[in-house]
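Input: a single structure, listed below in structure tokens.
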Amino acid sequence: MTPFVLAALLAAAPAPPPPAEDPGPMTRAEMEATNKARFEEMDADRDGFLSGAEMAAAIGPAKVAATLAALDADRDGKVSAAELSRQMLLAFDSADADHDGTLTLAERAAMRRGNGR
């Protein structure tokens, strides 16, 4: 699974409504903070890992197997915050077409669509 497909799957999880105004570019540090907050939202039992059930609640049961396969680097059947962050930052780096350390709205839209640059 490519980082772009992964980003699209995780983007499908329920999230707060977008801001009313243009949020502007997103830096890598902001992406890391977003990843941390998203992980904490999804980790219902607060054990520091995302189980298949927690992922199913966030992204739907049909997407769990592919998402778990993409994220679970150590193949222990659950996803740590580090595993999630690593993949999402790979997606960020791939989507950052001009390599300036920020994602424009267009780059973010391409990442969500799963087609990158």
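The values are calculated or read from the model by the stated rules, or taken from the named source; none is laboratory data. Predicted, not measured: the structure shown is a model, and the values here were computed from it. Note that we place each Cβ from the backbone using ideal geometry, even for glycine, and neighbour counts take in every protein chain shown.
Output the residues belonging to segment 58-69 that are free of Cβ contacts under 8 Å to residues at least 40 places away in the same chain and under 15 Å from the mean Cα position of the chain (by Cα). Residues satisfying the conditions are Val64, Leu68.
Residue count for segment 19-32 under the criterion of being loosely packed, with under 12 Cβ neighbours inside 10 Å and either modelled with pLDDT of 95 or more or under 16 Å from the mean Cα position of the chain (by Cα) (or both): the result is 1. Number of residues in segment 64-112 that are modelled with pLDDT of 90 or more, among the basic types (Lys, Arg), farther than 18 Å from Ala44 by Cα and surrounded by 13 or more Cβ atoms within 10 Å (Cβ to Cβ): the value is 1. Note on segment 70-85: among residues that are farther than 15 Å from Ala33 by Cα and hydrophobic (A, V, I, L, M, F, W, C), the one that is farthest from the chain's Cα centre (by Cα) is Ala73. If the condition is being in a loop (DSSP other than H, G, I, E, B) and more than 24 Å from Ala106 (Cβ to Cβ), then segment 55-96 contributes Gly60, Asp72, Ala73, Asp74, Arg75, Asp76, Gly77, Lys78. Only residues that are assigned to a helix (DSSP H, G or I) and either within 20 Å of Asp93 (Cβ to Cβ) or over 12 Å from the mean Cα position of the chain (by Cα) (or both) were counted across segment 38-54, and they come to 7.
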